[in-house]
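As structure tokens, the structure follows; a few thoughts come after it.
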Amino acid sequence: MIPAWLALVGVIVTLMVKWISDWFQRRYEFRRQLYLDLVDGVQTVNQCLGRLCDVDIKLSETSQKYQGAGPALAKVELAAPKRLSRLLTDYKNVSGACFIYLLQLRAVIEINLQDLKFADGQMEIYKEQQRYLLEELRNLSIAGSDDQARRARVEQYFDDYQEQIQKQLDRKVVDTKKIAAQTEVMSIIVTGCMGMLALMSPQILMHARKGLGFWFFDLKDYQERTKSSVVMAQQALKDLRESLKETGKSDGSIGADNID
């Protein structure tokens, strides 16, 4: 027969083992989610820099997405070992400076986009007035009116509105060229920023993999592949710029060197 005290010790040991096991499990799940959020946050920040160059994506959406990545990086920065914490601090400083600078450039593009929308609105108003004037001329013809002075006034108003429409069209051409040139400049800066962040990311990824339990990581190989990707992106951008210059020579469009 097992003594009562021995049974009690067995129960206590069993409870302690379960408690320790649960503690390690919770700690593992916490670290796992933390590092998965870290990887997602780093990727989100990199994507947001690229999204700033796409005028079809609303600036508010990109800003919200960028801000959403902040808490994940901050949590890891607080809980991670000193080495990873410092890497994240450097990454946040560099990516934040890039994002703010690109945000300022995008703000200028947003002004030009608003000018385009305003020009479209003005043109629609003028066209509506022209439709009214055309209807007036049609009514004069149907009525067989010989009021030449009135007809001349209507035609003059029509021509005046047409002149205003042409002015807005010319304004749209200028604004469109400005947006294209500004976007080209932004793409150059974005490529440089993403190149810097791409060189910082391998160290962060290495620590994240270790935190997830994957200890083997060929850092040198990953860095070489990252550098290769950056060089390819820079070459693609260079080719694009050359193509834009050639197009500009043939159609008179404005390049990055002609920004007002």
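Filter the range 24-58 down to residues that are in contact (Cβ under 8 Å) with a residue 24 or more places away in the chain and not in a helix (DSSP H, G or I) and give me whichever is surrounded by the fewest Cβ atoms within 10 Å (Cβ to Cβ).
55
Could you check, for the range 85-100, whether at least one of its residues is without any contact (Cβ under 8 Å) to a residue 60 or more places away in the chain, crowded, with 20+ Cβ neighbours inside 10 Å and closer than 19 Å to residue 202 by Cβ?
Looking through the range 85-100, none of the residues is without any contact (Cβ under 8 Å) to a residue 60 or more places away in the chain, crowded, with 20+ Cβ neighbours inside 10 Å and closer than 19 Å to residue 202 by Cβ.
Could you list, in sequence order, the residues of the range 47-65 that are small (Gly, Ala, Ser) and either more than 18 Å from residue 185 (Cα to Cα) or modelled with pLDDT of 85 or more (or both)? Reasoning before the result, please.
Quick first cut of the range 47-65, residues small (Gly, Ala, Ser) only: 50, 60, 63.
Passing the criteria: 60, 63.
Restricting to the range 137-153, what's the tally of residues that are touching a residue at least 12 places away in the same chain (Cβ under 8 Å) and among the basic types (Lys, Arg)?
1
How many of the residues making up the range 114-126 are of a type outside the set (S, T, N, Q) and in contact with a helix residue (DSSP H, G or I) (Cβ under 7 Å, 6 or more places away or on another chain)?
Here is the first cut: in the range 114-126, the ones of a type outside the set (S, T, N, Q) are 115-121, 123-126.
Checking the rest, the ones that are also in contact with a helix residue (DSSP H, G or I) (Cβ under 7 Å, 6 or more places away or on another chain) come to 115-116, 119, 123, 126.
Within the range 114-126, residues that are of a type outside the set (S, T, N, Q) and in contact with a helix residue (DSSP H, G or I) (Cβ under 7 Å, 6 or more places away or on another chain) number 5.
Considering 168, 164, 114, which residue is in contact (Cβ under 8 Å) with a residue 40 or more places away in the chain and within 30 Å of residue 52 (Cα to Cα)? Let's see the steps before the verdict.
Working: 164 fails: within 30 Å of residue 52 (Cα to Cα); 114 fails: in contact (Cβ under 8 Å) with a residue 40 or more places away in the chain.
Answer to the selection: 168.
Against the definition (crowded, with 18+ Cβ neighbours inside 10 Å and either among the charged types (D, E, K, R) or out of contact with any Pro (no Cβ under 7 Å at 6 or more places or on another chain) (or both)), how does residue 176 come out, yes or no? Even if it seems obvious, please write down each step before you answer.
Working: crowded, with 18+ Cβ neighbours inside 10 Å: no; either among the charged types (D, E, K, R) or out of contact with any Pro (no Cβ under 7 Å at 6 or more places or on another chain) (or both): yes.
No: the conditions fail for residue 176.
The values are calculated or read from the model by the stated rules, or taken from the named source; none is laboratory data. These numbers come from a predicted model, not from an experiment. Neighbour counts are summed over all protein chains in view; Cβ atoms, including those assigned to glycine, are modelled from backbone coordinates with ideal geometry.
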